[in-house]
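Heads up, the thing below is written out as C-alpha cells.
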Amino acid sequence: MNMKPAFPKLLSSQIAFDTARTILDGFDKHYRLFREATHAAKRHFECADWKRAQDEARARIAFYDTRVGECVQLLEDEYIDADLTDAVWREVKLHYIGLLIDHKQPELAEIFFNSVCCKILHRGYFHNDFIFVRPAVSTEYLDTDESVPTFRVYYPILDGLHITLKRIITNFRLQRPFADLDRDVKLAMQRIEQTLNTDVLEPNHQIQVLSTLFYRNKGAYMVGKIINGSNEYPFVIPILHNRKGELILDAALFERKVLAVLFSFTRAYFMVDMEVPSAYVQFLRSLMPEKPRSEIYTILGLQKLGKGLFYRDFLRHLRHSSDNFEIAPGIRGLVMVVFALPSFPYVFKVIKDHFPAPKETTNALVKEKYLLVKNHDRVGRMADTLEYSSVAFPRARFADELLAELKLVAPSVVEEEGDEIIIKHLYIERRMVPLNIYLSSAHANADDAALEHGILEYGNAIKELIGANIFPGDMLYKNFGVTRHNRVVFYDYDEIEYITDCNFRVIPQPRNEEEEMSAEPWYSVAKHDVFPEQFGVFLLGNPSVRKYFLKHHADLLTQQYWQQRKQKILDGHFEDILPYPQECRFRNAANSVITTATPAPPAKLA
Ligand SMILES: Nc1ncnc2c1ncn2[C@@H]1O[C@H](COP(=O)(O)OP(=O)(O)OP(=O)(O)O)[C@@H](O)[C@H]1O
C-alpha cells in the first residue's frame, strides 16, 4: 500500500509544472527575439544598412545562451535543490511535453529544455528520463495552420511565366524599387527555360517558393523549386542592390553544387523569418537532400538545434559503424590534438594543456579566437565549429596511440569512466583534405591543374578573409583544407587577428654588413607587426607552387597590398563576397554592390 500523503505529490507536481512553464517561457522569449531580428534584417536590406545588418546577425548568435542563462538563474532563484528532486525533474519533462502540444517550434523548445537542464543537472541525468535524448513531439504537419504558409505555389500555365515570376517577386513587398524588374524577369525566364529544356509543360507544372526571403550581408535570396511532371528543379534567385541603390535580380541559380556552396557551413547564418522552422527545413532538404538536417538548421541561424541534431546523428553513426578514432592525417598541431573517425566526415579538436614554443597563447585565448570565428562572417572561407562539453566516447573505439596522446598532452580534459572516455571540452568541425596533403598529392601525380587550383584557391581564400577583416596569423598550407567542392577553407584559428589590428611593415634596409649577414632580424618587431615580404620563405619552397603562386597571388607578398586592403576597411568600406560563381550572374559584376568573386575552378576539377 502506498503510504505517501497526497499533499506532497500535488506540491511536487505544481513545482514541476511551474518549472516546465518557466523553461518554455524562456524559449518563447528567445524565439520571439529571434524572429524580431529576422524582421529587422528585411528593413536593413531595404535601407542598405549593411553595418547594422551584420552587427545584428552577429548579436543574434548570442541570444540563445543569454536566454538559457536567464532561465537557469530564474530557476535557481526560485527553488532550492531539495525542491527539485529526481521525481520532480521527471515530471518537469512530462509537463513540458504537454505544453508543447500545438507549439510551432517543438523541436527547438526541446533542445532549449536540454540546454537549461544540462546546466543544472549532473551528467548522470543526461538520458531520456530527464532530457530529450529523443524528440518527444512530432514536427510533422505543423505547417497546416500557420498564419503565413511556409511556401506559396504558383502556376505559370495560368498566366504565363513572365507574369508569374513578376508576381512571385512583388509578393515579397520589398520597400525599395527595382531598377528594371521586367528586364530581370526576362533574364530569369531564359535561365528557367534553358534548365527545364522542354516545351512540354505537365499538368502539375508549378513553382513553389518559400514565403520569406533569406537575408545575409548585402543579399536577399528567394528560394524555391520548379516542378514539371516527375522532375524537380531547385533554384535560388539572389536580389542585390545595384550601384545606384536600386534592386536587381542578379542570377538564377540552379546547379546543385552552386546551391550547396551558397548554403555552406563556411558562411554566416541566414536571417529568415520562420513561424514553423521544421517546415522550412523539410522544404530545403527537398532541394538539397545530401545536406543533413543539422546543417540546415544551423545555416538558418538555429545553430543550437543544429548542434543537438548533429550529436544525435553522431551517436547513431557510432552505433552503426565499427572503425576507430585515430589521429587525423597531416602535420600534428602544437595547440590542438585533432582526431577523426575515418567513416565520419568530421574532425574532433581538443585543446592541449600546454603549448610548446613558439606558441605564446593560453587556453582561454584559443577559445576566444574560436568564438570570434563563430560570431564572424566566415565568408565561405572559415569552417564553422561546434563546441561541446563533456562528450562521452566509447573507450573501445579509441586507437591506443590516440588515447595515449590525449592522456599525455591533454590530461586535464580527458577522463576515463568505466568503458567511456569523457572529453570535457572539444570542437567538432567538417573534415577536409589538409591543403599541404592536397598539394603534395597533386605534385606526386604531376597533376598541374590541381596544383594550380589549390594555389589559386588558397590565395583567393586569404584575399576574401582580408575583406572580412581577418588575418589568419599562421598562413602555412597545413592550416587550410580543401572541401568536397574543391574550395580552400581556413581551419586553424588560434593565431587569427583582425586585419585592422595588424601593422603591415616593409623590412627595413640593413644599415651595415653585420646587419645584412645577421641570421636574426636586426630591426625591432612588435607584437602585431607583419612582414608580407617574408611569406615567400615558407610558402614558395616548391618550384611548381612558386610558379602558380607568383602567377596568381604575387601581390600577397607585398606590404602595399595588405596595407591598401587594411585602409579600405578603416575607411568603412563593407566588402561582401559573392557566394556563387561569377559566370552565373546576369550581368557584369561592376553593376552591383557585391564586387569580389572567386574565379571558377578549372573544368577538370569542377
Ligand atoms: N577540419 C579539418 N579537416 C581535416 N584535418 C584537419 C582539420 N583540422 C585540423 N586538421 C588536421 O589537424 C592538424 C592540426 O590542426 P590545427 O591546425 O587546427 O591545430 P593547431 O594545434 O592549431 O595547429 P598549429 O600548431 O598550426 O597552431 C592539421 O594540420 C590537419 O592535419
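Quick notes on this one:
- From L158, L201, residue being of a type in the set (A, V, I, L, M, F, W, C), farther than 30 Å from H376 by Cα and free of Cβ contacts under 8 Å to residues at least 24 places away in the same chain: L158
- Selection within segment 98-134 - open to solvent by 50 Å² or more (accessible area, probe 1.4 Å), modelled with pLDDT of 85 or more and assigned to a loop (DSSP other than H, G, I, E, B): I101, D102
- Any hit, segment 87-95, residues being open to solvent by 60 Å² or more (accessible area, probe 1.4 Å), closer than 30 Å to E146 by Cα and assigned to a helix (DSSP H, G or I): yes
- Residue within segment 161-172 that is open to solvent by less than 30 Å² (accessible area, probe 1.4 Å), outside the structural domain of A20 (by TED's automatic domain parsing) and not in a helix (DSSP H, G or I) present: yes
- Tallying residues that are near the ligand (Cβ under 10 Å from one of its atoms) and either small (G, A, S) or free of Cβ contacts under 8 Å to residues at least 24 places away in the same chain (or both) within segment 339-354 yields 1.
- Some residue of segment 495-518 being within 28 Å of the chain's Cα centre (by Cα), open to solvent by less than 30 Å² (accessible area, probe 1.4 Å) and within 16 Å of the ligand (Cβ to nearest atom): yes
- Of the residues making up segment 59-71, not a single one is over 22 Å from L371 (Cβ atoms) and open to solvent by less than 20 Å² (accessible area, probe 1.4 Å).
- Criterion violated by S321 - all others in (1) touching a residue at least 40 places away in the same chain (Cβ under 8 Å); (2) more than 16 Å from the ligand (Cβ to nearest atom) satisfied: (1)
- None of I437, I455, I428, I422 is of a type in the set (V, I, T), over 30 Å from R58 (Cβ atoms), touching a helix residue (DSSP H, G or I) at 6+ places or on another chain (Cβ under 9 Å) and within 13 Å of the ligand (Cβ to nearest atom) except I437.
- Among (1) in a helix (DSSP H, G or I); (2) open to solvent by less than 40 Å² (accessible area, probe 1.4 Å), the one test that L84 misses: (1)
The values are calculated or read from the model by the stated rules, or taken from the named source; none is laboratory data. Please read these numbers as outputs of a predicted model, since none were measured by experiment. As a convention, Cβ positions derive from the backbone with ideal geometry for all residues, glycine included, and neighbour counts pool all protein chains shown. The area values use the complete protein model at the heavy-atom level, side chains included, leaving out ligands, DNA and RNA. Shrake-Rupley method; radii C 1.70, N 1.55, O 1.52, S 1.80 Å.
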